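What follows is a single structure, written as structure tokens, with notes after it.
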Amino acid sequence: MVRPWVGGLGILLCGLAWLGVEAYRADFEGGAVCDVLARASAAASLEGIAVALHLKAADLYRAQVHALRAEGASRAELRATRYALADQVKAAGLILWRQGELRGAAHYLDAAVKAAPERLDLKCLLIQARVKTGEEPDLRLALLRLAYRHDAACAHYLLGRMFLEEGRSEEAAAYLERAIQKAPGYTAAHLLLAEVRLRNGNREGAVESAGRACESARNLREMLAAHALIQRLDSEAPARAVFVAEAYWYAYRYVALTVAALLVFLFHPAIGKALRRGDRIRH
């Protein structure tokens, strides 16, 4: 039987090792480390802590932006830091959105747009949040302005989705194709275009779009959606178990290694003997 203090020590050591690895991967940069901790908190359903950590990361990036401006840093370096700041505020806003706190979400998304006004994806999210809160009366009009003034891929995608819901598949296809032209790796647009082509009887085009969606998928949810669509089309699909395992390993490999280290620490005979010997010496 493992003694409680041994288990506690093992958990502490493995937790510190995990934090050390994550800090190393983030180059010991404060904002990036807070982002890692925030995502870990969100995965553990500690969403209040996740929001606080994302906002702390945003504060650190904001200070870094001011420092870079004072130093006269390059435009590219400044832009990368502003984008990192915007991503942290956006992440906090999306958590609040999932919780139903739409006004808080709109507030943080507005702050994200101000941090990186050239980010059209943030403007699309802000428009949707403002429509939900009643601040933006007409979603279609707002998206059309964004699509024709800035040629935003996200606006074209959302318009395509709206037209498809209305049964106007030709207009939907046109907007979705434009979204893909602007952003070839836009998985959601590929998936929706495959649905449109399938409804229009263009099975070959649907298979092509589903395949491109599978190739461009960036997370497990998108991979599973693409895989399900390919199976519906009776086309040859990649092995589901393989890419699910790959996705989980990529997302949780460091947690798995930490747990493995903890189990070795707790149950390896040599470690147990050494700890017991230490107990005898102290007594």
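When region 89-119 is examined, which residues are found to be of a type in the set (A, V, I, L, M, F, W, C), within 17 Å of the chain's Cα centre (by Cα) and either open to solvent by 50 Å² or more (accessible area, probe 1.4 Å) or closer than 25 Å to residue 175 by Cβ (or both)?
Once the filter is applied, which keeps residues that are of a type in the set (A, V, I, L, M, F, W, C), within 17 Å of the chain's Cα centre (by Cα) and either open to solvent by 50 Å² or more (accessible area, probe 1.4 Å) or closer than 25 Å to residue 175 by Cβ (or both), region 89-119 yields 94, 97, 109, 112.
Which residues, counting only those in region 159-186, are open to solvent by 20 Å² or more (accessible area, probe 1.4 Å), within 23 Å of the chain's Cα centre (by Cα) and among the hydrophobic types (A, V, I, L, M, F, W, C)?
If the condition is that a residue be open to solvent by 20 Å² or more (accessible area, probe 1.4 Å), within 23 Å of the chain's Cα centre (by Cα) and among the hydrophobic types (A, V, I, L, M, F, W, C), then 183 is the only one that fits.
Inside region 63-82, can you point out the residues that are under 22 Å from the mean Cα position of the chain (by Cα) and surrounded by 18 or more Cβ atoms within 10 Å (Cβ to Cβ)?
Passing the criteria: 81, 82.
Filter region 197-218 down to residues that are of a type in the set (S, T, N, Q) and open to solvent by 60 Å² or more (accessible area, probe 1.4 Å) and give me whichever is nearest to residue 174 (Cα to Cα).
200
Just checking: which of the helices (runs of 4 or more DSSP H) contained wholly in region 95-154 hold 1 or more residues that are of a type in the set (Gly, Ala, Ser) and closer than 26 Å to residue 65 by Cβ?
Numbers: elements: 102-115, 120-133, 139-150.
Here the list reads 102-115, 120-133.
Looking at 168, 199 in this structure, which one is basic (Lys, Arg) and modelled with pLDDT under 90?
Just one listed residue meets the conditions, 199.
Evaluate the following for residue 156: is it in contact (Cβ under 8 Å) with a residue 12 or more places away in the chain and surrounded by fewer than 21 Cβ atoms within 10 Å (Cβ to Cβ)? Break it down stepwise before answering.
Numbers: in contact (Cβ under 8 Å) with a residue 12 or more places away in the chain: yes; surrounded by fewer than 21 Cβ atoms within 10 Å (Cβ to Cβ): no.
Taking the combined requirement at face value, the residue does not satisfy it.
How many residues does region 185-205 contain that are more than 13 Å from residue 157 (Cβ to Cβ) and outside any helix (DSSP H, G or I)?
Residues meeting the conditions: 3.
The values are calculated or read from the model by the stated rules, or taken from the named source; none is laboratory data. For clarity, every value in this text was computed on a predicted model and none was experimentally measured. Cβ atoms come from the backbone with ideal geometry, glycine included; neighbour counts cover every protein chain shown. What goes into the accessible areas is simple: the full protein's heavy atoms, side chains included, and nothing from ligands, DNA or RNA. Shrake-Rupley method; radii C 1.70, N 1.55, O 1.52, S 1.80 Å.
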